[in-house]
Amino acid sequence: FKGKGNLKDGLSRVLTEFSQGYFQPNVGGKNIPVAQGELSDLAGDEPLFKALYKWFLESGGVFKLEFGPKAFIVVSDPVVARHLLKENAFNYDKGVLAEILEPIMGKGLIPADLETWKVRRRAIVPGFHRAYLEAMVNMFGRCTEETVRRLDRVLATNSNGKPAVVDMETEFLNLGLDIIGLGVFNYDFGSITQESPVIKAVYGVLKEAEHRSTFYIPYWNLPITKYIVPRQVKFHRDLAVINECLDQLIQLAKSTRQEDDIEALQQRDYSKVRDPSFLRFLVDMRGGDLDDRQLRDDLMTMLVAGHETTAAVLTWTLFSLVQQPQAEARVVEEIDRVVGDRQPEMADIYAMPYLRAALAESLRLYPQPPILIRRALGDDVLPAGLNGDPNGYPIGKGADLFISSWNLHRSPHLWKDPDTFRPERFAERFENPAFEGRWAGYDPELQGNSLYPNEVASDFALLPFGGGIRKCVGDQFAIMEATVALTMLLRRRRLRADGRPQPRNRGSSGR
Ligand code: HEM
């Protein structure tokens with residue numbers, strides 16, 4: 001290993017964690033109600049976000065969770081969530097999450113500090129333009145065709161009269177990986193049909209990201225761990241495999257660079273472009289950052305952010321639909337009427353509001369991630385919540401906050417029948433009269449042209465893709481991908497549940 005310098009750096013990072021983040025009781029919020037957690041709650045079988053739901057019902061929309069010397073402020077109130085994500089968003093960074101993800105994503109958009117984020121966000125958002133998304137919709141169709149063929153083969157070999165059992169989460173993960181590889185850097189993982197060292201490495205790294213987001217002491221910041229802890233050794237080997245692959249793709253894109261203004265890039269004829277990928281856009285953009293390291297961090301971030309999340313929403317939507325024959329029948333009717341046997345196009349996605357509402361409803365019930373993580377960069381005063389302290393709570397610099405999308409999405413104060421899967425809820429206005437003139441609920445009128453029911457129509461009660469300045473950049477990509485995949489899968493086939501998917505105990509590790 002590389003000597004004392006690294007070790008000292010690592011030690012000081014872990015010590016900083018201990019003194020600032022992990023053992024810092026003084027984060028203000030003196031008056032905030034406290035829910036006393038047991039350390040065993042963090043290690044038990046039940047995911048943390050489910051324990052947070054029970055405490056939310058007992059302690060209210062803002063409470064403090066103390067595990068020994070460590071404290072988190074848990075927010076389940078839409079007014080406070082809006083303040084943190086939008087109104088005073090520049091006072092918050094990703095805190096614990098950034099420390100967890102930095103070794104994987106570097107200065108990619110998700111963990112990025114605010115300075116880096118401002119520059120990269122401005123470069124990345126224009127890349128998701130209409131012509132790109134249209135090209136993507138065609139690609140989603142081609143990739144899903146492969147999954148459908150695979151499933152049909154499995155069904156055909158299982159012709160002994162019994163229904164074939166398929167692990168749909170794995171199918172969706174493979175589909176999602178192929179799609180994100182082609183869409184982001186024009187690389188065909190081919191994971192629906194084959195296994196490769198790069199695919200194995202991607203899954204290894206994702207697994208480690210998940211492990212880190214549920215492990216509360218960042219021992220991996222100590223450099224020796226990467227030589228002696230077996231899972232760290234494997235993680236660094238996997239990371240090297242992916243980085244080598246990404247570096248080659250970046251070199252290839254740079255060697256064929258055709259510089260242009262953003263507007264010109266957005267008007268390219270994507271039906272004729274050989275490589276419509278996101279990387280191509282970033283490299284060709286006039287004045288863009290061509291630093292290999294930054295490009296690699298951007299690609300890695302998209303790979304991790306856009307893969308498991310979409311697979312999860314597909315798995316949960318399918319699971320929910322097959323248990324609700326009426327909702328399933330409505331979806332199938334919509335697909336038959338709008339698309340039939342054709343490959344879905346962009347216009348079809350807009351013409352299938354019920355299917356999109358079903359996706360949003362499954363994101364409401366099973367948000368991925370269930371918690372958004374923030375840390376205060378300076379002192380702040382949280383606004384009064386819907387039924388909280390009328391003066392609001394002062395919090396201190398360094399305070400760690402968990403905004404629980406899970407709690408917001410299932411709050412009995414904000415939703416009618418919060419635990420029921422009912423896509424039609426998004427066509428109805430729901431307002432809780434208990435809040436005396438303060439708006440809390442959902443209003444379809446406010447959804448406007450958005451492809452899915454969102455934080456605007458619910459005033460931060462629904463955060464499937466977050467909200468405010470750090471809202472997901474891949475939201476449309478994801479909804480379009482999921483709509484195409486479900487369209488092609490649900491026609492012609494009857495699927496039934498043979499088990500229950502497991503919610504993952506993650507923070508916003510995927511994003
Ligand atoms: C951010 C969810 C798909 C790229 C986020 C955030 C959420 C989210 C909740 C906000 C995190 C926070 O505020 O802490 C999802 C879900 C997806 C999905 C549920 C699929 C159903 C994608 C895809 C991509 C992507 C397909 C890329 C192709 C990103 C990036 C950010 C992000 C780069 C960080 C944005 C920033 O900080 O400026 N996502 N995402 N996501 N997502 Fe997604």
key: Number of the condition not met by Met480 [criteria: (1) away from the ligand (no atom under 14 Å from the Cβ); (2) crowded, with 16+ Cβ neighbours inside 10 Å]   = (1)
inquiry  = Of everything in region 455-490, what is assigned to a loop (DSSP other than H, G, I, E, B) and hydrophobic (A, V, I, L, M, F, W, C)? Give them in sequence order.
reply    = Val456, Ala457, Phe460, Ala461, Leu462, Leu463, Phe465, Cys472, Val473
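Kindly provide the set of residues from region 436-449 that are surrounded by 13 or more Cβ atoms within 10 Å (Cβ to Cβ) and out of contact with any His (no Cβ under 8 Å at 6 or more places or on another chain), ordered by number.
Scanning region 436-449 gives Arg438, Trp439, Gly441, Tyr442, Asp443, Pro444, Leu446, Gln447.
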task = Quick one: count up the residues across region 175-215 that are modelled with pLDDT of 90 or more, within 23 Å of Gly127 (Cβ to Cβ) and not in a loop (DSSP other than H, G, I, E, B).
result = 11
task = Kindly indicate the residue of region 435-477 that is among the polar types (S, T, N, Q) and away from the ligand (no atom under 16 Å from the Cβ) and also farthest from Arg130 (Cα to Cα) among those meeting that condition.
result = Gln447
request  = Could you list all residues from region 99-134 that are within 21 Å of Lys207 (Cβ to Cβ), hydrophobic (A, V, I, L, M, F, W, C) and within 10 Å of the ligand (Cβ to nearest atom)?
outcome  = Met105, Ile110
query = If you scan region 75-93, which residues turn out to be buried (at least 20 other Cβ atoms within 10 Å of the Cβ) and either in a helix (DSSP H, G or I) or modelled with pLDDT under 95 (or both)?
reply = Pro78, Val79, Val80, Ala81, Arg82, His83, Leu84, Leu85
Residues located in region 308-342, provided they are of a type in the set (Val, Ile, Thr) and more than 16 Å from the ligand (Cβ to nearest atom) = Val322, Val331, Val332, Ile335, Val338, Val339
remark   = Note on region 270-306: residues polar (S, T, N, Q) and within 15 Å of the ligand (Cβ to nearest atom) are Ser277, Gln294, Thr301
query = Among the residues of region 347-365, how many are surrounded by 17 or more Cβ atoms within 10 Å (Cβ to Cβ), more than 16 Å from the ligand (Cβ to nearest atom) and hydrophobic (A, V, I, L, M, F, W, C)?
reply = 1
Some residue of region 115-129 being surrounded by 13 or more Cβ atoms within 10 Å (Cβ to Cβ) and in a loop (DSSP other than H, G, I, E, B) = yes
message = Return the residues of region 269-291 that are part of a loop (DSSP other than H, G, I, E, B) and surrounded by 13 or more Cβ atoms within 10 Å (Cβ to Cβ); say none if nothing qualifies.
response = Tyr270, Val273, Asp275, Pro276, Ser277, Gly288, Asp289, Leu290
request  = Run down Glu146, Glu169 and say which single residue is acidic (Asp, Glu) and within 20 Å of the chain's Cα centre (by Cα).
outcome  = Glu169
ask   = Within the set of pairs 6 or more residues apart or between chains, which connect a residue that is closer than 22 Å to Asn91 by Cα inside region 455-484 to a residue that is near the ligand (Cβ under 8 Å from one of its atoms) and of a type in the set (Ser, Thr, Tyr) with Cβ atoms less than 7 Å apart?
value = Leu463/Ser405
key: Matching option when the condition is touching a residue at least 12 places away in the same chain (Cβ under 8 Å) and more than 25 Å from Ala457 (Cβ to Cβ), among Pro78, Pro103   = Pro103
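Hand me the list of helices (runs of 4 or more DSSP H) wholly inside region 223-268 holding 2 or more residues that are within 20 Å of Gly181 (Cα to Cα), in contact (Cβ under 8 Å) with a residue 24 or more places away in the chain and among the aromatic types (Phe, Trp, Tyr). Lay out the reasoning, then the answer.
Values: elements: 225-228, 230-255, 262-266.
Because the criterion is at least 2 residues that are within 20 Å of Gly181 (Cα to Cα), in contact (Cβ under 8 Å) with a residue 24 or more places away in the chain and among the aromatic types (Phe, Trp, Tyr), no helices (runs of 4 or more DSSP H) in region 223-268 meet it.
Is it fair to say Asp380 is among the acidic types (Asp, Glu), within 20 Å of Phe56 (Cα to Cα) and modelled with pLDDT of 95 or more?
Values: among the acidic types (Asp, Glu): yes; within 20 Å of Phe56 (Cα to Cα): no; modelled with pLDDT of 95 or more: yes.
No.
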query = Which one of Asp178, Asp188 is within 14 Å of the ligand (Cβ to nearest atom) and either surrounded by fewer than 19 Cβ atoms within 10 Å (Cβ to Cβ) or touching a residue at least 24 places away in the same chain (Cβ under 8 Å) (or both)?
reply = Asp178
query = Could you list, in sequence order, the residues of region 402-435 that are loosely packed, with under 13 Cβ neighbours inside 10 Å and of a type in the set (Val, Ile, Thr)?
reply = Thr420
request  = Starting from region 338-350, take each residue that is farther than 19 Å from Gln476 by Cα and touching a residue at least 40 places away in the same chain (Cβ under 8 Å) and list its partners that are polar (S, T, N, Q) and in a helix (DSSP H, G or I), counting only C-beta distances under 8 angstrom and pairs at least six apart or across chains.
outcome  = Val339/Thr487
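The values are calculated or read from the model by the stated rules, or taken from the named source; none is laboratory data. Since this is a predicted model, take the numbers as computed values, not measurements. Note: ideal-geometry Cβ built from the backbone for every residue, glycine included; neighbour counts use all protein chains shown.
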